[in-house]
Amino acid sequence: MSEELTLLPTSATKEEKYKTLLPQIEALISGEKDLIANLANISAALKQSFDFLWVGFYIVKENELVLGPFQGPIACTRIAFGKGVCGTAWKEKKTIIVEDVDKFPGHIACSSDSKSEIVVPVLKNEIVAFVLDLDSSKLAAFDKTDKFYLGKVCKLIQHP
Ligand code: SME
């Protein structure tokens with residue numbers, strides 16, 4: 001595919017943007033088998049399409065989440081099992097939407113600008129391999145539409 005994303009105007013709905021983006025992500029990663037390269041491009045494609053503060057992945061390594069490819073401000077490098085939103089999504093094996101990070105007990109504040117967050121765990125053989133984490137500088141930026149489409153994005157990723 002060409003190296004440029006087709007982006008919808010900011011006036012488009014979230015659903016329209018995801019629907020435009022999904023096939024492009026599929027095309028972008030289908031010819032590449034390297035996981036890190038694909039996670040890097042997925043982070044960039046999501047960041048370019050939406051006004052999220054931070055988009056990236058944490059990868060399970062030696063029983064910790066370790067920072068992977070991302071777009072946005074610098075972030076904490078390691079998160080323990082069950083800690084923060086990411087560690088909780090890992091532990092519970094389910095997507096977590098946080099409307100107000102100040103109200104999530106144990107939230108790990110990598111950036112003081114982050115106000116809401118969604119974390120989608122990605123499983124391989126029933127085991128969490130990595131998580132996709134998105135932060136917004138707006139309260140309650142994420143809802144079931146994000147959960148649905150980000151889940152679809154994660155299903156496109158081929159595990160090595
Ligand atoms: N807020 C996350 C930490 C990662 S940063 O948002 C990039 C958490 O509570 O797990």
The range 45-113: GluC sites (Glu not before Pro) falling in loop per DSSP and having at most 11 other Cβ within 10 Å: Glu62
Mean projected area (nm²) of the alpha-carbon convex hull when the chain is viewed from all directions: 8.7
Point-charge dipole on Cβ atoms (K/R +1, D/E -1) for the chain, about Cα centre, debye to 20: 400
Contact order normalised by residue count of the range 14-158, Cα under 8 Å, 6+ apart, percent: 22
Solvent exposure of the range 73-141 as accessible area per residue, Å², 1.4 Å probe: 52
Percent carbon-and-sulfur accessible area, the chain, ignoring ligands, DNA and RNA, probe 1.4 Å: 51
Candidate aspartates and glutamates - alpha carbon under 20 Å from Lys152, same-chain residues fewer than 8 apart omitted: Glu15, Glu16, Glu26, Glu32, Asp34, Asp51, Glu92, Glu117, Glu126, Asp133, Asp135, Asp143
Gaussian network model of the chain, Cα within-10 Å springs - most flexible of Ser49, Ser30, Ser11: Ser11
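For a quick check of your reading of the filter: which chymotrypsin sites (Phe, Trp or Tyr not before Pro) in the range 42-122 sit in a DSSP loop and have no more than 15 other Cβ atoms within 10 Å?
Details: sites: Phe50, Phe52, Trp54, Phe57, Tyr58, Phe70, Phe81, Trp90; in loops: Phe50, Phe52, Phe81.
Within the range 42-122, the qualifying chymotrypsin sites (Phe, Trp or Tyr not before Pro) (loop, at most 15 other Cβ atoms within 10 Å) are Phe81.
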Estimated 222 nm signal from helices in the chain, with DSSP H stretches of n ≥ 4 weighted -39500 (n - 2.57), rounded to 500: -11000 deg cm²/dmol
Sorted largest first, extent of the range 111-153 alpha carbons per principal axis (Å): 35, 22, 12
Of Lys93/Lys144; Lys17/Lys103; Lys19/Lys144; Lys17/Lys144, pairs whose Cα-Cα distance is over 24 Å: Lys17/Lys103
Spin-label model distance (nm) - Asn63 vs Asp100, 7 Å beyond Cα toward Cβ: 3.7
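The values are calculated or read from the model by the stated rules, or taken from the named source; none is laboratory data. Everything numeric here is computed off the predicted structure, so don't read it as measured data. Methodologically, a virtual Cβ is constructed for each residue, glycine included, from the backbone with ideal geometry; neighbour enumeration extends over all protein chains shown. All accessible areas refer to the heavy atoms of the entire protein, side chains included, with ligands and DNA or RNA removed. Shrake-Rupley method; radii C 1.70, N 1.55, O 1.52, S 1.80 Å.
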